[in-house]
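The values are calculated or read from the model by the stated rules, or taken from the named source; none is laboratory data. This is a predicted model, so every value here is computed, not measured. Don't worry about glycine lacking a Cβ; one is built from the backbone with ideal geometry, like all the others, and counts go over all protein chains shown. We work out accessible area using only protein heavy atoms, side chains counted, and drop any ligands, DNA or RNA first. Shrake-Rupley method; radii C 1.70, N 1.55, O 1.52, S 1.80 Å.
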Amino acid sequence: MDIHQVLRMNEGDGETSYANNSSPQRSLMLKTKPYIRKSIQEFFSSCNMKPKSLSVANLGCGTGPNSLVPVTIFLDVVHDCSQRFGCPCPELQVFLNDLPSNDFNTIFKNIPSFYKKIVEGKGDGFSGLCLVSAVPGSFYRRLFQSESLHFVYCANSLHWISQVPPLLSEMTDINKGNICYGKNSPYIVFEAYLLQFQRDLTHFLKSRSEEIIAGGCMVLELPGRKTLDPYTNECYYHFDDLALAMRDLVEEGIMEEEKMSSFWLPYYAPHIDEFKEVIRAEGSFRIIRCEEILWSTAANFYDKTLRKMIDPNFGARVKDLDWLET
């Protein structure tokens, strides 16, 4: 089965939709605003001729209100920079990207009200033009024309790898009882996931290096782990609970054991050193800043989706990987 055709966040705006169960992700997006502000300010400062238009890509945008949060941030920052440097506000072309199965319809239903709020918030004097369009496809491949983007933003997405490691998809019994790498997984399982993550991130960086103009920037944010030890429970604690629920379904005869044995999540939470190593090895970007942020609301989020099977005192770690300049 092609993951690109089936992997998506829950569509719509109902009780179990991603739109209504993604407040932690929204909180983290808002925390990236200072980093976006500084990168855009530096870009404006470096330009002898201030740009008349800017192209921005939100990769792995998901669905629901969160998809437009980065757009609001970019509009705010670009508007402020234009006033600071005494130049007209450039037109903003925003590309929302996710896999083809993503619920783009819910996003675009909110576009009219989004535009209205922007104008109301900026006042009648706001002259900025913002055009939003969708670009479906995997961000592990080329998506845009060469040297066509000024900024790339990618939040809560790069931990989703492009596929289940091929080695594991052929060995259904090697990770019995798990749906991802976990505390009982053989080390070969962890190695396979790490290798797939390295390959995918390399493709991501190479593709973006061809699409971003010289001096352009990326702001990346994704879940990670604090220690190099792959068996620390901060990596997989929520998946262990999900696997336990699936095993219960098998024992009750609701799910076939063969289906669970062949089910793998395409997920990898890297250590910050693993992330840096790939960036340096690929060579197209330099790292300006890397920071860790405590995802303190993660437990509340998983309480809603996994029926309070998560320790509410646990906070997962998220790494902000900021300003990767080409």
Could you pull the accessible area for Ile188 with a 1.4 Å probe, rounded to 10 Å²? 70 Å²
Kirkwood hydrodynamic radius (C-alpha pairs) into Stokes-Einstein, the stretch 81-228, 10 °C and 1.306 mPa s, D in µm²/s: 85 µm²/s
Given the Cα-Cα distance of Asp76 and Ser146 and 0.36 nm per residue of separation, how much length would full extension add, in nm? 22.5 nm
Average accessible surface area per residue within the stretch 72-160, 1.4 Å rolling probe, Å²: 47 Å²
Multiplying the sequence separation of Asn184 and Cys47 by 0.36 nm and subtracting their Cα-Cα distance, what value in nm do you get? 44.0 nm
For the stretch 35-45, take each phi angle, set θ = phi - 60°, evaluate the Karplus expression 6.51 cos²θ - 1.76 cosθ + 1.60, and give the result in whole Hz per residue in order, putting x for glycine and proline. 6, 5, 4, 5, 5, 6, 4, 5, 5, 4, 5
Could you tell me the extents of the stretch 153-284's C-alpha atoms along the three principal axes, largest first, rounded to whole Å? 58, 26, 24
When the label point is put 7 Å from the Cα of Tyr231 along its Cα-to-beta-carbon vector, which residues of the stretch 250-265 have a backbone N closer than 18 Å? none
PRE zone check, label point 7 Å out along Cα-to-Cβ of Val250, amide N under 15 Å, scope the stretch 181-201, hits 181-186
Tell me the label-point distance for the pair Ser101, Tyr115, using the 7 Å Cα-to-Cβ offset, in nm and rounded to one decimal. 3.2 nm
Net charge near Val250: determine it from the other residues with C-beta under 9 Å of the C-beta of Val250, scoring Lys and Arg +1 and Asp and Glu -1. -3
Per residue, the convex hull enclosing the Cα atoms of the stretch 50-149 spans a volume in Å³ of 92 Å³
Leaving ligands, DNA and RNA out of it, report the carbon-plus-sulfur percent of the accessible area of the stretch 1-151 at a 1.4 Å probe. 50 percent
Overall dimensions of the stretch 1-86 as given by Cα atoms, namely Rg and Dmax in Å: 16.4, 53
Heavy atoms of the protein only, probe of 1.4 Å, neighbouring chains included. What is the accessible area of Leu244 in Å², nearest 10? 80 Å²
Treat each spin label as a single point 7 Å out from the Cα along the C-beta direction, and report the Leu195 to Phe108 distance in nm. 4.1 nm
